[in-house]
Amino acid sequence: MAAKEQQHFSGALPFGKQIELSSIAGPTYVTAQSLVQQVAYLLSDKIWSYSPETFDLDVSAQAWARSQEKNVHGYSPRVQAMDIRSGAGTAALGYIFSKDFDVKRRHIPQAVLTSSSALNFLRQALDQLSLLYGVGNPLVAHVAAASYDGSQKGALAADYISSMWLAEDLGFSLISSQSAHESQHMSLLATLLAQDTPVLHTYDGVRMARDTTRVIDILDQSGLRAAYDNIHKSTQADDYKHSTTEGKVLKTLKAFNEELGTDYKAFEYYGHSAAETVLVTFGSVESSLAAQVAEKLANAGSRTGVVNVRVYRPFIEEAFLKVLPTTVKVIGVLGQVASTQEVGEAGIRSRLYEDILAAVSFNTILPETPEVRDVKFARSESWSPQSVAGVYHMLAGKPLDTMPQSELAPILLVPNSRNTVLN
């Protein structure tokens, strides 16, 4: 049986093969899902897995647990695979609030590995946990944004809207990884933020989580422990404890960047310094593509830019407004909605659009209030550099066939997808 387990082939593993916990270090080939599992395994007391059968969200963590690999706290965490059904999550609640729970481990985070398709089944348990959060363990849920696309049999879609709904309704924090290269860092950041509020960490579960990528600056076990301990200690001062939730997020980000030499922000801007047309995005592929397109268009002289939302909840309005160029005239919000039907419904707005509209409408920072437009798209939408460039062109009020090719080189413009609509 053990030999068969070692031969287990999975698309969630680098090159489909199992990876040793100790080998995740420095420059190496990994998948984003492997890095998420590494952080969850090393920093957590226990991992609760709600993985659809073919997703293999916990395949590495399960192997490490069978081998009795220890976490940074000195013991082997249990990886509990759970059924995805109504009432899912009650076992985790029972464990966290059990009378027999070792109170010495009360400060150690609990981790959940799941997909966005399972969040609805976990909702009741997560709601109860949020109400009792002050007396339980920190909790971070790593959510692979993937659900089955009802419009295409057997196809998967990157589903961020389920996490956005849950975070908004239950008061969870929500952050995103925009590439495999930062998935370890964001998993660590989410675990640190969980000391104050329950956290959802989401990332593209269709492609990014499963693609094998060479990542250079991976923290090994000792590096991850040192970073966690040092950042955690820096957030124990009185000024931190008396800060608002938003203030705590910003202070944790500051300590995180100082420890690792990074430059992560709640909102990250790319493009022309005096942009007139700015996109706002949330999600892995969408944000990565939009940043690349904005930079290329800006280098060609187009006054375009993009704000990638890294921290969606809490939504820190002042931080968002401060990264916007004061020259902005039109803001296009790339907002995911549940279905193609909602894309065509004029009365339905994307969640992200409502946040941006509120922030801009009541702002006292920008010299002029820009127009905010909702660029809705369905979960089944597959973005490309060309379709993102097409959105920029439409926001500028120009017909698609009038964009100079030199402005897009080396990007070739194609018509925007039928699953996207500009309101």
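Just so it is clear, none of the values below were taken in a lab; they were calculated from the coordinates. No experiment lies behind these values; they were computed from the predicted model shown. No Cβ is skipped: glycine too gets one built from the backbone with ideal geometry, and neighbour counts run over all protein chains shown.
Round to the nearest 10 and give me the degree value, 0 to 90, for the angle of helix 32-43's Cα axis relative to the longest principal axis of the chain. Value to nearest ten degrees: 40.
Are any of the pairs Lys46/Lys104; Lys104/Lys251; Lys99/Lys241; Lys322/Lys398 more than 19 Å apart by Cα-Cα distance, and if so, which? Beyond 19 Å: Lys104/Lys251; Lys99/Lys241; Lys322/Lys398.
Please find the FRET efficiency linking Thr245 to Lys398, where r is the Cβ-Cβ separation and R0 is fixed at 30 Å, and quote it to the nearest 0.05.
Result of the calculation: an efficiency of 0.15.
Based on C-alpha pairs under 8 angstrom that are at least 6 apart in sequence, the stretch 130-279 has a relative contact order of 22 percent. Suppose R0 equals 35 Å; then what is the FRET efficiency for Ala155 and Lys70 from their Cβ-Cβ distance, rounded to the nearest 0.05? Once rounded, the FRET efficiency stands at 0.30.
A Gaussian network model of the chain, with springs between Cα atoms under 10 Å, assigns the largest mean-square fluctuation among His142, His107, His242 to His242. Rounded if a/c is under 1.5, else prolate if a/b beats b/c, else oblate: with a ≥ b ≥ c from the C-alpha gyration tensor eigenvalues square-rooted, which is the stretch 114-233? Because a/c hits 1.5 or more and a/b fails to exceed b/c, the stretch 114-233 counts as oblate. Charge dipole (Cα centre; +1 on Lys/Arg Cβ, -1 on Asp/Glu Cβ; no other charges) of the chain amounts to roughly 560 debye.
Measuring nothing but how far apart in sequence close Cα pairs (under 8 Å, 6+ apart) lie, relative to its length, the chain scores a relative contact order of 14 percent. The charge dipole of the stretch 90-144, taken about the Cα centre with unit charges on the Cβ atoms of Lys, Arg (+1) and Asp, Glu (-1), comes to about 120 debye, rounded to the nearest 20.
Take the residue pairs Lys265/Lys296; Lys70/Lys248; Lys265/Lys329 and return only those whose Cα atoms are more than 28 Å apart.
Lys70/Lys248
Under the simplified labelling scheme, the Lys99-Arg85 pair shows an inter-label distance of 2.8 nm, with each label point 7 Å from Cα along Cα→Cβ. The packing ranking, built from the mean of other Cβ atoms within 10 Å per residue, places the peptides 327-340, 194-207 in the order 194-207, 327-340, highest first. Farthest toward the positive end of the dipole of the chain, out of Ser179, Val391, Ser287, is the Cα of Ser179, where the dipole comes from beta carbon charges about the Cα centre. Note on Leu357 and Phe9: their simple-model spin labels are 5.0 nm apart, each label 7 Å out from Cα toward Cβ. Both radii come from the Cα set of the stretch 2-260: Rg as radius of gyration, Rh as Kirkwood radius; their ratio Rg/Rh reads 0.94. In terms of packing, defined here as the mean over residues of other Cβ atoms within 10 angstrom, the peptides 74-87, 342-355, 374-387 line up highest first as 374-387, 342-355, 74-87.
For the chain, with a Gaussian network of springs between Cα atoms less than 10 Å apart, report the residue from Ser187, Ser116, Ser302 with the top mean-square fluctuation. Of the options given, Ser302 has the highest mean-square fluctuation.
When the helix-only estimate is applied to the chain (DSSP H runs of n ≥ 4, each -39,500 (n - 2.57), divided by the residue count), what is the mean residue ellipticity at 222 nm, nearest 500 deg cm²/dmol?
Dividing the helical sum by the residues of the chain leaves -10500 deg cm²/dmol.
In whole angstrom, how far apart do the alpha carbon centroids of the stretch 341-371 and the stretch 179-243 sit? With the stretch 341-371 and the stretch 179-243 each reduced to a Cα centre, they are spaced 30 Å. A straight chain from Ile348 to Asn120 at 0.36 nm per residue would run longer than the Cα-Cα distance by 80.0 nm. Between the stretch 121-144 and the stretch 47-70, the C-alpha centres lie 20 angstrom from each other. Tilt of helix 245-260 relative to the longest C-alpha principal axis of the chain, in degrees (0 to 90, nearest 10)? On a 0 to 90 degree scale, this one is about 80. Computed from Cα positions, the angle between helix 351-361 and the longest principal axis of the chain comes to roughly 60 degrees. Between the residues Leu119, Gly134, Ser147, the greatest Cα displacement towards the positive end of the dipole of the stretch 102-161, with unit charges on the Cβ of Lys, Arg, Asp and Glu, is found for Gly134.
Place +1 on the Cβ of every Lys and Arg and -1 on the Cβ of every Asp and Glu in the chain, take the dipole about the Cα centre, and give the residue among Tyr240, Ala63, Ile316 whose Cα lies farthest towards its positive end. The residue sitting farthest along the positive end of the dipole is Ala63.
The calculated FRET efficiency for the pair Val135 and Ser222, based on their C-beta separation and a Förster distance of 45 Å, comes to about 0.90.
In summary, the aspartates and glutamates within cross-link reach of Lys233, defined as a Cα separation below 18 angstrom excluding same-chain residues under 8 places away, comprise Asp196, Glu258, Glu259.
Label sites at Asp127 and Glu318, each approximated as a point 7 angstrom past Cα along Cα to Cβ, lie 3.4 nm apart. Cβ-to-Cβ counts within 10 Å put Thr54, Thr364, Thr28 in ascending order as Thr364, Thr54, Thr28, the fewest first.
Please label the shape of the stretch 25-93 as rounded, prolate or oblate, based on the square roots a ≥ b ≥ c of the eigenvalues of the alpha-carbon gyration tensor (a/c under 1.5 means rounded; beyond that, a/b larger than b/c means prolate, else oblate). Cα axes put the stretch 25-93 in the oblate bin. For the options Val278, Val112, Val360, a Gaussian network treatment of the chain with springs between C-alpha atoms closer than 10 Å singles out Val360 as fluctuating the most.
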